[in-house]
Amino acid sequence: MTSYEQIFENNKRWVASRLATDAQFFEKLAREQRPDYLYIGCSDSRVPANEIMGLDAGEVFVHRNIANLVNNIDMNIMSVINYAVRHLEVKHIIVCGHYNCGGVKAAMQPQDLGILNPWLRNIRDVYRLHMEELDAIEDSAQRYNRLVELNVQEQCLNVIKTASVQQSYVEKGYPTVHGWVYDLHNGLLVDLKIDFIGLLHEIQKIYDLTGKGIGKVGSRK
């Protein structure tokens, strides 16, 4: 049996295992989705969103792209954030990068990467913004990992700049934005402790899209 055909056999076993523990699992799953989490991660095959979070089907709304970028002119990610916030009413938005990210590494190389150039330019811009800190790191592996972390932080900031996130937070007190990095070497998630409220206030003067003032709800959870 080829690996492709094996997938369908795996699927049947998975269905059977689900029904064995909950005969109504798929019936309940088909009714609606009400996840608390929006996960924005890298497309890397080694980082399965639900599994690393220990959550089940229906508990995480997922968007993935190369190097977990949140680009304001990418209608795909903007639509995902809008739908997750306004319709699913997620409570948490997570941007999750991972160490040894191929997209981040490619952006560190001085070479023409064709169609990837405009996409990876976003990461090069992150390097430019934090060039002094990064260039002071002598070990290339550590510099690489630090850029992974800084990229996550910048993408969190891009999420916070969106109207849907700001307006929902002012009106309802959620969602909160988090930045994580997944370590492929040990399987653990690293919480970068993004200061969501602090960043929200920091960008308020220029990026406030609420018309009400974000600072008025700074103490809300």
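Details
- In summary, region 107-221 shows an alpha-carbon radius of gyration equal to 1.24 times the 2.2 N^0.38 Å reference for compact globular proteins.
- Net charge contributed by nearby residues that have their C-beta within less than 15 Å of residue 138 (K/R +1, D/E -1): -2
- Relative contact order of region 83-221, taken over Cα pairs closer than 8 Å and 6 or more residues apart, is 30 percent.
- Cross-link pairs beyond the 22 Å C-alpha cut-off, checked among 105/205; 161/212; 105/161; 91/205: 105/205; 105/161; 91/205
- Debye log10 I(q)/I(0) for region 95-134, one point scatterer per Cα, at q = 0.32, 0.33 Å⁻¹: -1.19, -1.20
- Mean Cβ neighbour count within 10 Å, used as a protection proxy, ranking 80-86, 5-11 highest first: 80-86, 5-11
- Given in Å, the Rg to one decimal and the Dmax to the nearest whole number for the Cα atoms of region 15-122 are 16.8, 55.
- Amide H contacts under 5 Å for residue 180, placed H, 5+ residues apart: 95, 96, 97, 192
- Counted residue by residue at 0.36 nm each, then reduced by the alpha carbon distance between them, the extension gain from residue 111 to residue 133 reaches 5.7 nm.
- With helices as the sole contributors, the chain gives -14500 deg cm²/dmol at 222 nm; each DSSP H run of n ≥ 4 counts as -39500 (n - 2.57), and the sum is divided by every residue.
- Ranking of 169, 99 by count of other Cβ atoms within 10 Å, fewest first: 99, 169
- The share of C-alpha pairs in the chain whose separation exceeds 26 Å stands at 44 percent.
- Cα shape, region 52-178, gyration tensor, a/c 1.5 rule: prolate
Laboratory data are not the source of any read-out in this text; all were calculated from the coordinates shown. Quantities reported herein were computed from a predicted structural model and do not represent experimental measurements. With ideal geometry, Cβ positions are generated from the backbone for all residues, glycine too; neighbour counts draw on all protein chains shown.
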